[in-house]
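Visitor: Pasting a structure below so you can have a look.
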Amino acid sequence: MARKNESDLLARLTITVDRLGDREAPKLPAADVKEFRTVVGPFIAAAAKYAEALAVRDEALVKVGEADATLDVSIDDLADGMVGAKLGKRTSPFAGFSKYTPSALKELAYKTEVDEVQTLLAALAKKNPPAAVKALAAKVQKNAAAVQKLLDAVTTPETRYTKARAARDALAPGASKAYGRFKLRAKAALLDDPGAYEALFSGRSVVQAPVKKRGKGKTKKVEPQG
């Protein structure tokens, strides 16, 4: 089941469970309500753990992205320094040292970029560049190491996120079936209570619904570590 479908299911289940707890909730067979809560409760709990794991994982990736941005700036500085020292041309500053141009290097996946930076710096060191270029290279080396350290730190949050998503996904089909079954039973039980069924299962009003914010920018791919 796709993430959007599971998010929609969670929203519907959460609304229904909340409304069942209201004082003015329609009267339904206790056995039906108990069965419904018993099945969907674990899914709602698993979805909460998934959301928490996702937030932690994403926060770790934001830190990687910020460190990568700093690395990218230092790569540009190194390119300018190499051109100034006559070690490269303005059109191809890294020619002979890397198969990538500065712009192409910065667009690589995080781990690949770090690895290719190491290749570039090793080739540059063999040419014994001027002190000014060595200083720029040392800054690139430091920034690349920072990205690698943060990438290593993503491993645990990524693992927890993957496990939490799997746990949520495993419970989703059962919760969906329980929701459909509960709706059928509730519709029959509320046949003589006009509007009660709609009040219990309708979505939240526009005023109640949270406003979705459009994300900004993009994140580069994180390749598997190890």
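Visitor: Before anything else, pin down the relative contact order of the chain: Cα pairs under 8 Å, at least 6 apart, normalised by residue count, whole percent. Display every interim value, and only then the final one.
Guide: Working: 188 pairs, mean separation 78.9, N = 226.
About 35 percent, as a whole number.
Visitor: For all pairs of alpha-carbon atoms in the chain, what percent lies in each bin of width 5 Å, listed from the first bin to the last filled one?
Guide: Going out from 0 Å in 5 Å bins, the chain shows 1, 6, 11, 12, 11, 9, 8, 7, 6, 6, 6, 5, 4, 3, 2, 2, 1, 0 percent.
Visitor: For the chain, set up a Gaussian network in which alpha carbons nearer than 10 Å are linked by springs, and say which option among Asp80, Asp32, Asp192 fluctuates the most.
Guide: Most flexible of the set in this elastic network: Asp192.
Visitor: Also, quick follow-up: Using the 2.2 N^0.38 Å rule of thumb for compact globular proteins, work out how the stretch 47-122 stacks up: its C-alpha Rg over that value, please. Provide the component values of the computation, followed by the final result.
Guide: Values: Rg = 16.4 Å, N = 76, 2.2 N^0.38 = 11.4 Å.
Here the Cα radius of gyration is 1.43 times the empirical estimate.
Visitor: Another question, then. Give the carbon-plus-sulfur fraction of the accessible surface of the chain in %, rounded to a whole number; probe 1.4 Å, heavy atoms of protein chains only. Please list the in-between numbers first.
Guide: Details: 7980 of 13960 Å².
Solvent-exposed carbon and sulfur of the chain make up 57 percent of the total.
Visitor: Still on this structure: Per 0.36 nm of contour for each residue apart, how much would the distance between Arg23 and Lys177 grow if the chain were fully extended, relative to their Cα-Cα spacing?
Guide: Working: separation 154, 0.36 × 154 = 55.44 nm, distance 2.63 nm.
That works out to 52.8 nm of additional length.
Visitor: In degrees, nearest 10, range 0 to 90: what is the angle between the Cα axis of helix 3-20 and the longest Cα principal axis of the chain?
Guide: That works out to roughly 40 degrees.
Visitor: Another question, then. Per residue of the stretch 188-198, what does 6.51 cos²θ - 1.76 cosθ + 1.60 with θ = phi - 60° give for ³J(HN,Hα)? Whole Hz please, x for Gly and Pro, Karplus curve as stated.
Guide: Along the stretch 188-198, the couplings run 5, 6, 9, 4, 9, 10, x, x, 5, 5, 5 Hz.
Visitor: Could you give the angle, 0 to 90 degrees to the nearest 10, between helix 30-84's Cα long axis and the longest principal axis of the Cα atoms of the chain?
Guide: On a 0 to 90 degree scale, this one is about 10.
Visitor: Using r as the Cβ-Cβ distance of Ala69 and Lys163, and R0 as 22 Å, what FRET efficiency do you calculate, to the nearest 0.05?
Guide: Values: r = 30 Å, r/R0 = 1.35.
Between Ala69 and Lys163 the formula returns 0.15.
Visitor: Assuming 0.36 nm per residue, please report the length gained on full extension of the stretch Lys126 to Ala145 beyond their Cα-Cα distance. Write out the running numbers ahead of the final one.
Guide: On the way: separation 19, 0.36 × 19 = 6.84 nm, distance 2.01 nm.
Working it through step by step, the gained length comes to 4.8 nm.
Visitor: Here's something else I'd like to know. Just to confirm the number: angle between the C-alpha axis of helix 110-126 and the first principal axis of the chain, 0 to 90 degrees, nearest 10?
Guide: 10 degrees
Visitor: Still on this structure: Rg(Cα) of the stretch 93-150 divided by 2.2 N^0.38 Å? Write down the numbers at each step before the final one.
Guide: Values: Rg = 11.1 Å, N = 58, 2.2 N^0.38 = 10.3 Å.
Expressed relative to 2.2 N^0.38 Å, the Cα Rg reads 1.07.
Visitor: List, largest first, the extents of the alpha carbons of the stretch 1-85 along their principal axes, each in whole Å.
Guide: Principal extents (Cα only, largest first): 83, 23, 18 Å.
Visitor: Same structure, new question: Restrict the search to the stretch 79-117; then list the GluC sites (Glu not before Pro) that DSSP places in a loop and that have at most 13 other Cβ atoms within 10 Å of their Cβ. Before the final figure, lay out each step's value.
Guide: Working: sites: Glu107, Glu113, Glu116; in loops: Glu107.
The qualifying sites are Glu107.
Visitor: For each pair in Lys86/Lys142; Lys49/Lys139; Lys126/Lys149, compute the distance between the two Cα atoms and list the pairs where it is over 31 Å.
Guide: Lys49/Lys139
Visitor: Would you mind getting the accessible area per residue of the stretch 1-81, heavy atoms of the protein chains only, 1.4 Å probe, in Å²? Mind dumping the intermediate values first?
Guide: Details: 4480 Å² over 81 residues.
Here the residues of the stretch 1-81 average 55 Å² of exposed surface.
Visitor: Suppose R0 equals 30 Å; then what is the FRET efficiency for Ala109 and Lys49 from their Cβ-Cβ distance, rounded to the nearest 0.05?
Guide: Working: r = 28 Å, r/R0 = 0.94.
That gives a FRET efficiency of 0.60.
Visitor: For a quick check of your reading of the filter: which trypsin sites (Lys or Arg not before Pro) in the stretch 103-149 sit in a DSSP loop and have no more than 15 other Cβ atoms within 10 Å? Kindly include the intermediate steps, with their values, before the conclusion.
Guide: On the way: sites: Lys106, Lys111, Lys126, Lys127, Lys134, Lys139, Lys142, Lys149; in loops: Lys127.
The qualifying sites are Lys127.
Visitor: Would you be so kind as to identify which of Pro102, Ala53, Leu28 lies farthest towards the positive end of the dipole of the chain, taking Lys and Arg as +1 and Asp and Glu as -1 on Cβ and the Cα centre as origin?
Guide: Positive-most Cα among the choices belongs to Pro102.
Visitor: Classify the stretch 8-53: rounded, prolate or oblate, from the alpha-carbon gyration tensor (a ≥ b ≥ c, eigenvalue square roots; a/c under 1.5 rounded; otherwise prolate if a/b is larger than b/c)? The partial results should precede the final answer.
Guide: On the way: a/c = 2.95, a/b = 1.86, b/c = 1.59.
Verdict is prolate for the stretch 8-53.
Visitor: How big is the gap, in Å, between the Cα center of the stretch 141-171 and the Cα center of the stretch 1-76?
Guide: 19 Å
The values are calculated or read from the model by the stated rules, or taken from the named source; none is laboratory data. Here the structure is a predicted model, which is why all the values come from computation and not from measurement. Note that we place each Cβ from the backbone using ideal geometry, even for glycine, and neighbour counts take in every protein chain shown. When the accessible area is computed, the model is the full protein with side chains, heavy atoms only, and any ligands, DNA or RNA have been set aside. Shrake-Rupley method; radii C 1.70, N 1.55, O 1.52, S 1.80 Å.
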